[in-house]
Amino acid sequence: MPRASGAAARLERIGPARSRAERPENKRRYTVTSWLEVLARVEALEGIQLDAGLVHRMERRMAEVAGTRVGDIHFYTPSFKSFRTSEIDGCGTSAWPAVSITGADCSLQCDHCKARILESMIPARSPEVLWSVVSQQIEAGARGLLLTGGSNLRNEVEYDPFYPVIRRIKDAFPGFRIAVHTALADEAVAGRMEDAGIDVAMLDVIGAQDTVTQVYHLRRSVDDFERSLEALAATRMKVVPHIVIGLHYGSLLGEWRALEMVVRHRPDALVLVVAMPFYAPEHRPFAVPESPAVGAFFLDAREALPDVPVLLGCARPAGRVKSEIDGYAVLAGLNGLAHPSDGMVELAVRLGRGVRVTSACCSMAVGEQVAALEGDGGALQLDVDQIIAQERERRRLVSRQGTLASIRVVSADGPA
Ligand code: SF4
């Protein structure tokens, strides 16, 4: 039997929910001027290149997607400093500090990371130090903790000695949220995490065996990732899997299989990040992922999980490609965007999305997203008109310095 190819085939397997597509409120949400025209009206998007065919496809497919999480977008940005309140003062990372139980050590040394992600975290190599770090951070105003650590050679973080102190922290400070990067976990580990009182379980889900073997240097199977997801989903913890787009040296390889696994286990949210090639060794370089391929995956993820928050995390390549990726994220209807590029708030408003903006820097944004799973996380609704005016003013200043290129929306036939 002939098979559909590419994304179409993958979506066939995922089976996006479209049953409520004909509801008038969902139709109305996206009945705006052609999206290419909308893009051309956003002054701040000058100079970024979006694939016109993909934009058309997004416009067409988004008109058909219905779900409780389709339509709203929450931006986390440190840019709008004048809107800060005492609650979000200083844009420090203290509200949601990231703590590593192994310091900067990791046995796996994955090709995209080389344990560098751990370097900026607060080390807490013993339960006693973790208690003391948490006490200090709570004193300084922290509302939660992102707990992680380097992996052993089986992609497991050895949290066992830390569970009693995590339980003690949760008993002493029940409102203090703890999100843990679980790495691979079986039922017993997931149960210990749950018993310790961990609120949120995060796991990078990999869908290609070659990526597991080559990038992670790991002798585990893709099925082990799914089994971990299943074990975590069977607990009371909120489960927030991550998919790293372009993890196979910058190419998309196992992302759709990872998405299928995520869909099967109904997470509380899905976080997408884009591989950043900075730390790759010279003999195994990473390409920067192609932004249209990333955008196409955003769209598939949105369609596959219309009732689940799908968020774009902080990690993504910088520069023009970041603006392109962010543009596709807004067009594809993702629900959260940390550190959006200029013009994204205006684009979302012009597309008729429900927009919220919180002044937060990156690790805080992750924490806010976690808190948002149980409410609005104390997010601050800001004056969008003021934000757009501020963005435009900043662009005008840049423009006067003569650094802007002209608008280019490209298609297969050349610039539109
Ligand atoms: S296991 Fe995690 S911390 Fe260690 S190198 Fe890989 S991605 Fe980085």
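Consider Thr213 carefully, then state whether it is closer than 20 Å to Leu145 by Cα, surrounded by fewer than 24 Cβ atoms within 10 Å (Cβ to Cβ) and among the β-branched types (Val, Ile, Thr). Criteria not met by Thr213. Among the residues of the range 354-367, those identified as out of contact with any Lys or Arg (no Cβ under 8 Å at 6 or more places or on another chain) and modelled with pLDDT of 65 or more are Gly354, Val355, Arg356, Val357, Thr358, Ala360, Val366. Considering the range 208-257, and only residues there that are in contact (Cβ under 8 Å) with a residue 24 or more places away in the chain and among the hydroxyl-bearing types (Ser, Thr, Tyr), the residue that is nearest to the ligand (Cβ to nearest atom) turns out to be Tyr216.
When the range 175-189 is limited to residues that are within 16 Å of Phe225 (Cα to Cα) and surrounded by fewer than 17 Cβ atoms within 10 Å (Cβ to Cβ), the one that is nearest to the ligand (Cβ to nearest atom) turns out to be Asp186. The number of residues in the range 337-356 that are among the charged types (D, E, K, R) and either part of a loop (DSSP other than H, G, I, E, B) or farther than 20 Å from Gly47 by Cβ (or both) comes to 3. Which of the residues belonging to the range 122-174 are within 16 Å of the ligand (Cβ to nearest atom) and among the basic types (Lys, Arg)? Matches in the range 122-174: Arg125, Arg154.
Take the range 106-121 and flag every residue that is within 8 Å of the ligand (Cβ to nearest atom), at negative phi and touching a residue at least 60 places away in the same chain (Cβ under 8 Å).
Selection gives Leu108, Cys110, His112, Cys113, Arg116.
The values are calculated or read from the model by the stated rules, or taken from the named source; none is laboratory data. As the structure is a computational prediction, the values presented were derived from the model and not from experiment. Note: ideal-geometry Cβ built from the backbone for every residue, glycine included; neighbour counts use all protein chains shown.
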